[in-house]
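The values are calculated or read from the model by the stated rules, or taken from the named source; none is laboratory data. The structure displayed is predicted, hence computed values, not measured ones. As a convention, Cβ positions derive from the backbone with ideal geometry for all residues, glycine included, and neighbour counts pool all protein chains shown. Note: accessible area is taken over every heavy atom of the protein model, side chains too, but ligands, DNA and RNA are not part of it. Shrake-Rupley method; radii C 1.70, N 1.55, O 1.52, S 1.80 Å.
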Amino acid sequence: MQIKEILDSFEEGREILASGRVILLRPHGGSCFAHIKDGSGRIQIYARKDKLDNFNEFTKLKLGDIISVSGRLFITKTNEKTIELLQFSILSIAKNPVPKEWYGIADIEVRHRKRYLDLLVNEEKMEIFKKRSKIIKAIREFLDEKGFLEVETPMMQVIPGGAEAEPFKTHHNALNLPLHLRIAPELFLKRLIVGGFDRVYEIGKNFRNEGISTLHNPEFTMLEAYLAYSDYEGIMTLAEELIFYVAKNPKITFDNYDIDLTPPFKRLPLFPALQEASGEKVESMADIDALVSKIGMDVENKLNALIDKFILPNLIQPTFLIDWPAETSPLAKRGENPDFVERFELFIGGCEIGNAYSELTDPDLQLKNFRKQGKIDYDYISALSYGMPPTGGLGIGIDRLVMLLTNQTSIREVILFPLLRPL
């Protein structure tokens, strides 16, 4: 019987059986108080020497030992729900001492490397991961109610597509085939749109062989959703409704900012925003190059560097940064101005949460864009050649969304086992 169930259905005098880990032990002569906890909660145990045959053994338990107890329920003078111990047995012995709860683990590196200890002594951290599970469940509820079908697509791909990133490489021995861990599920999900599934989504792992930071882990969880007969305007509405639904309470605090997740979110065209923030002409990618050169930045991704410098600090409230240059988005549909595509990135709390666009459905133009990239997925081009309806696609970083909704400023705090440098 779980401890939460005992507490919720508490009845004085009732005999119960429970199990848990010893997290507190206070012997007092002929009596001893202890606390045990399991994954659902904690409860106090009271043992008396005249009622427990192996009382001395009980007082010699160590913090971390896991025991089974049987006894009667009662309420102490301090109004605490308690088990009066009649029998106990040791289920597992903790050979290493468990840190005491009120001290916790001060070393952040130890907390991340030994997450099991972090969870044992820090209920606040355990709540983060319980909330993470609820967030993912709520995402599924929302999309399922909207008629989306959850699917699974390959994590090992011959051609890693759907994003610009360095993939992890592997090899299939039986086929003597070089493979890559996926950087995105996008091209397979859009094949399903061609196949007749009008609303699909996937929640799963992506892998990118890139740097580690407070916002990046090489293995991360993404939501990707595709809605046929829609575009990036429709996807903006979908994203607003999804985040509002998942947050439950739209008024949140993140990194000392008060944020309101109530739709509609602000729409901000990218180049006009850069021009206003920098005070320089920004109408084309040539202007981006000139501005980067003028301020002396030595970076590979010039556009993102300027966004980080001039716009990002002001993107605290939910904002769609819309209309991106075509050359940065080879899978997106061009807008009325062919130099730009119908794309947005969603920022909340100064952090990119999602990316989306109207999908490019023209196989000839898609093949041309692939050739510029230097990698061509001919089967995907073949799929587009059978006709793909107008479609909007959305990608949301689950880890970052959890960071936002649990007020954590490092991605390591919302991933149970983040990748760390070996000691």
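Is it the case that region 40-50 has a residue that's acidic (D, E) and open to solvent by 40 Å² or more (accessible area, probe 1.4 Å)?
Applying the first criterion (acidic (D, E)) to region 40-50 yields 50.
From what's left, open to solvent by 40 Å² or more (accessible area, probe 1.4 Å): 50.
Checked against the condition, which is being acidic (D, E) and open to solvent by 40 Å² or more (accessible area, probe 1.4 Å), region 40-50 yields at least one hit.
Any chance you could count how many residues in region 138-153 are open to solvent by less than 60 Å² (accessible area, probe 1.4 Å) and either touching a residue at least 60 places away in the same chain (Cβ under 8 Å) or touching a Leu at 6+ places or on another chain (Cβ under 9 Å) (or both)?
Here is the first cut: in region 138-153, the ones open to solvent by less than 60 Å² (accessible area, probe 1.4 Å) are 138-139, 142-143, 147-148, 151, 153.
Adding the requirement that they be either touching a residue at least 60 places away in the same chain (Cβ under 8 Å) or touching a Leu at 6+ places or on another chain (Cβ under 9 Å) (or both) leaves 138-139, 142-143, 148, 151, 153.
So the answer is 7.
Counting just the residues of region 195-232 that are over 16 Å from the mean Cα position of the chain (by Cα) and polar (S, T, N, Q), which one comes out surrounded by the most Cβ atoms within 10 Å (Cβ to Cβ)?
Filtering region 195-232 for residues that are over 16 Å from the mean Cα position of the chain (by Cα) and polar (S, T, N, Q), the one surrounded by the most Cβ atoms within 10 Å (Cβ to Cβ) comes out as S230.
L384 passes all but one of (1) out of contact with any helix residue (DSSP H, G or I) (no Cβ under 6 Å at 6 or more places or on another chain); (2) within 24 Å of V194 (Cβ to Cβ); (3) surrounded by 17 or more Cβ atoms within 10 Å (Cβ to Cβ); which number fails?
Only one criterion in (1) out of contact with any helix residue (DSSP H, G or I) (no Cβ under 6 Å at 6 or more places or on another chain); (2) within 24 Å of V194 (Cβ to Cβ); (3) surrounded by 17 or more Cβ atoms within 10 Å (Cβ to Cβ) is unmet by L384, namely (1).
State which residue pairs qualify: first residue within 19 Å of A94 (Cβ to Cβ) and inside region 104-133, second residue small (G, A, S) in any location, beta carbons under 8 Å apart, and separation of 6 or more residues or different chains.
Final answer for the pair search is L120/G64; V121/G104; N122/G104.
Of the conditions (1) open to solvent by less than 20 Å² (accessible area, probe 1.4 Å); (2) over 23 Å from L192 (Cα atoms), P422 fails just one. Which one is it?
Failing condition for P422: (1).
Just checking, which of H35, H112 is in contact with a helix residue (DSSP H, G or I) (Cβ under 7 Å, 6 or more places away or on another chain), closer than 21 Å to M126 by Cβ and open to solvent by less than 50 Å² (accessible area, probe 1.4 Å)?
Values: H35 fails: in contact with a helix residue (DSSP H, G or I) (Cβ under 7 Å, 6 or more places away or on another chain).
None of the other options fit; the residue is H112.
Given (1) within 30 Å of L420 (Cα to Cα); (2) in contact with a Leu (Cβ under 8 Å, 6 or more places away or on another chain); (3) of a type in the set (A, V, I, L, M, F, W, C), where does F33 come up short, assuming only one miss?
For F33, the exception is condition (1).
Please enumerate the residues belonging to region 238-257 that are out of contact with any strand residue (DSSP E or B) (no Cβ under 7 Å at 6 or more places or on another chain), at negative phi and not hydroxyl-bearing (S, T, Y).
Hits for region 238-257 are E240, E241, L242, I243, F244, V246, A247, N249, F254.
Picking from I67, I75, which residue would you name as being of a type outside the set (K, R) and surrounded by fewer than 16 Cβ atoms within 10 Å (Cβ to Cβ)?
Answer to the check: I75.
Consider region 283-313. How many of its residues are loosely packed, with under 12 Cβ neighbours inside 10 Å and either β-branched (V, I, T) or in contact (Cβ under 8 Å) with a residue 60 or more places away in the chain (or both)?
0
If you scan region 340-382, which residues turn out to be part of a helix (DSSP H, G or I) and over 16 Å from T328 (Cβ atoms)?
Taking region 340-382 and keeping what is part of a helix (DSSP H, G or I), we get 363-373, 378-382.
Hits for region 340-382 are P363, D364, L367, R371, Y378, D379, Y380, I381, S382.
Quick one: is I235 within 25 Å of the chain's Cα centre (by Cα), more than 22 Å from I135 (Cα to Cα) and either among the small types (G, A, S) or surrounded by 15 or more Cβ atoms within 10 Å (Cβ to Cβ) (or both)? Before you say what the answer is, go through the steps one by one.
Working: within 25 Å of the chain's Cα centre (by Cα): yes; more than 22 Å from I135 (Cα to Cα): no; either among the small types (G, A, S) or surrounded by 15 or more Cβ atoms within 10 Å (Cβ to Cβ) (or both): yes.
In short, no.
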